[in-house]
Amino acid sequence: MMLVIIRMKVLPEKRMELSQTIALLIGSIRTEKGCKRCDFCQSTEDENNLWLLEQWDTLENLRSHLKSRRFRVLRGAMNLLKEPHEMIFHTVFDPAGNGGDLTDKLVSLAYDKSCGSHERPREIRRKR
């Protein structure tokens, strides 16, 4: 299993535009082959710090995603960032083989590690 953490610091005046673009993309990313999870989060301490957290079943499916049109759109949207984004890749072994509670704990750990401080990101939910 592969975990991907994309950390972004957006310009305040561009935050809404970037957030709307990513919110529209994550639904289709979740339908890609091998995508187990795709969450868009915002820091509770600095609303301009954003994270995209993805979980993929195999490296092959992750590589396919990184070559996809959806990912190119995401990379284009990242032109709105205040500073370069950071992408972190983790290979995770799930001894249970089912991605259950262990996966949730590892994603929680990834949240902690991606923050670099005591702040916790919060999941962004699209308003309907």
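Since every read-out is calculated from the coordinates, none of them should be taken as a lab result. None of these values were measured; they are calculated from a predicted model. FYI the Cβ positions are ideal-geometry reconstructions off the backbone, even for glycines, and counts take in every protein chain you see.
Select from the range 41-81 those GluC sites (Glu not before Pro) which occupy a DSSP coil region and have at most 14 other Cβ atoms within 10 Å, ordered by residue number.
Answer by residue number: Glu45, Glu47.
Please compute the alpha carbon radius of gyration of the range 6-98, then divide it by the globular-protein estimate 2.2 N^0.38 Å. Two decimals is fine.
Working it through for the range 6-98, the quotient is 1.12.
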